1. Over the Cα atoms, compute the radius of gyration (one decimal) and Dmax (the largest Cα-Cα distance, rounded to a whole number) for the stretch 237-291, in Å.
2. Label 7 Å along Cα→Cβ of His292; the stretch 196-219 residues with amide nitrogen under 13 Å?
3. Placing +1 at every Lys and Arg Cβ and -1 at every Asp and Glu Cβ, with all other atoms neutral, what dipole size does the stretch 54-105 have around its Cα centre, in debye to the nearest 20?
4. First select every other residue whose beta carbon is under 13 angstrom from the beta carbon of His357; then total the charges, Lys and Arg +1, Asp and Glu -1.
5. Looking at the chain, do any whole DSSP H helices span at least 18 angstrom along their long axis by alpha carbon and average -1.0 or above on Kyte-Doolittle, and which?
6. Quick check on the stretch 261-327: what are the equivalent-ellipsoid semi-axes from the Cα gyration tensor, as sqrt(5λ), descending, whole Å?
7. Quick one: which residues, 5 or more positions from Glu337 or on another chain, have an amide H under 5 Å from its amide H? H modelled 1.01 Å from N in the peptide plane, none for Pro or chain starts.
8. Please report the accessible area of Thr48 (heavy atoms, 1.4 Å probe, ligands and nucleic acids excluded) in Å², nearest 10.
Amino acid sequence: MNIIVFGGDGFCGWPTALHLSNVGHDVVIVDNFSRRNIDNELGCESLTPIQPMRTRLSAWKECSRRNIDFIKLDLAVDYYQLIGVLCDVRPDAVIHFAEQRSAPYSMKSSCQKRYTVNNNVNATNNLLSAVVESGLDIHVVHLGTMGVYGYGSAGIKIPEGYLKIKIDSESGEQLENEILYPVKPGSIYHMTKTQDQLMFSFYNTNDGIRVTDLHQGIVWGTQTNETTMDERLINRFDYDGDYGTVLNRFLMQAAMKYPLTVHGTGGQARAFIHIQDTVKCIELALRSPPAHNDRVKIYNQMTEVYKVRDLAKLISEKFDVPVDYITNPRKEAAENELSVDNRLFLSEGLSPITLEHGLLQEVAGIARRYMDRCDISRIPCTSLWVNREQNEGLEPSVS
Ligand code: NAD
Ligand code: USQ
């Protein structure tokens, strides 16, 4: 297949591009390097020494003898260039990772809130609009998030995108239907992902665009089979208070013997997936596109559910590091239960990497190896969901 990976310089996009190239697809990466620019803005960088795109691509050619092309383009802005790229490459599928993906960054101030909305909503709308205008039959695969559902499952397993409902009609009959699962975004970033869902639904119904939306949990781990082939191919590892996600932060904190930063009571249950499984899921999704006239196909791309405090306990015991319960900078439920249906990928052959098995390798192979690159002043989460006075009242810290 001819595939364009939008956002292919990022944490999920880079290993996906390499994997798809390795299994024989022709891959073009499109990115505007906004993530690298945000690192400059925040004064931090990946724990791992990621290389410039030119170096990455020539290293890949040396290792695999396969070529990946690169085009610098802002998906949210460069609309006419985007149409040109689609018409030149004529992709069978495009994978859309190109969004601002940090919830804390999206809540920093009105500037980051507006940037996140403008970037994410316009990127998705431009892509869908350009696919229509190109007249090509392109399968659009998007990286969405488990966060569109909120994290309370109201006593049911969160279904894969659609909720079966029964309602009483005016004449008293009971009608059955399926609707998009009601959204409950917990940050401006997550709100943009709920808006993406509506755009997919509209362009699918109106223009017949085939879309797969992958509602992904929190990705952990760093390396995949392809990124370990050469150090110049190494994937990024974010540990800072804005972009570092909880499990990778705990792994790096364990390597540094920095007390694990649990927000509130740590009663937040979240869904997780290893980066190696992310790339596998995307390959599986490409193999089973929705048929023409099918509705948007939604998968829950996650493999395990953990509470934050249970993760902290596991890592604390394994690596002998204390746990620090700190006031939660976010406005989120202190405790929740989460149960998720992920049968679609399991039925298509996914065999998940579990946390129990991957942790040690991650701490030794990545966090300890590159710990001299860590700037501990970047670890605290400084982005507050509401102002400090309101935040103090939100959730007491526990000891
Ligand atoms: P990332 O920030 O590392 O990568 C995103 C890439 O997109 C970056 O290289 C960035 O430069 C590029 N980009 C952003 N806006 C762009 C634009 N307007 N034009 C062109 N390029 C643009 O993020 P990631 O962790 O790789 O996440 C990728 C996608 O997966 C996101 O949409 C995110 O919502 C989703 N996701 C990520 C996780 C996770 O834990 N990392 C979990 C669930 C879902
Ligand atoms: N948390 C801590 N300590 C920390 C960091 C986070 O206790 O040091 C807590 C947070 O308060 C939250 C949970 O851990 O309750 C998860 O936070 P996170 O930063 O790991 O994940 P989140 O902000 O939800 O976002 C990440 C990705 C995002 C993706 C989402 C999937 O950045 O792109 O969409 O995971 S999901 O969480 O399933 O919505």
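1. In order Rg, Dmax, the Cα atoms of the stretch 237-291 give 15.6, 51 Å.
2. Output list for this probe position: 208-210.
3. Using only the charged Cβ atoms, the result is roughly 320 debye.
4. -3
5. Qualifying helices, which must be both long enough and hydrophobic enough, are 110-134, 188-207, 275-287.
6. 36, 14, 7
7. Correct list: Ser153.
8. Probe radius 1.4 Å; accessible area of Thr48 about 0 Å².
The values are calculated or read from the model by the stated rules, or taken from the named source; none is laboratory data. None of the values given here were measured: they were computed from a predicted structure. So basically every Cβ, Gly included, is an ideal-geometry build from the backbone, and we count neighbours across all protein chains shown. We work out accessible area using only protein heavy atoms, side chains counted, and drop any ligands, DNA or RNA first. Shrake-Rupley method; radii C 1.70, N 1.55, O 1.52, S 1.80 Å.
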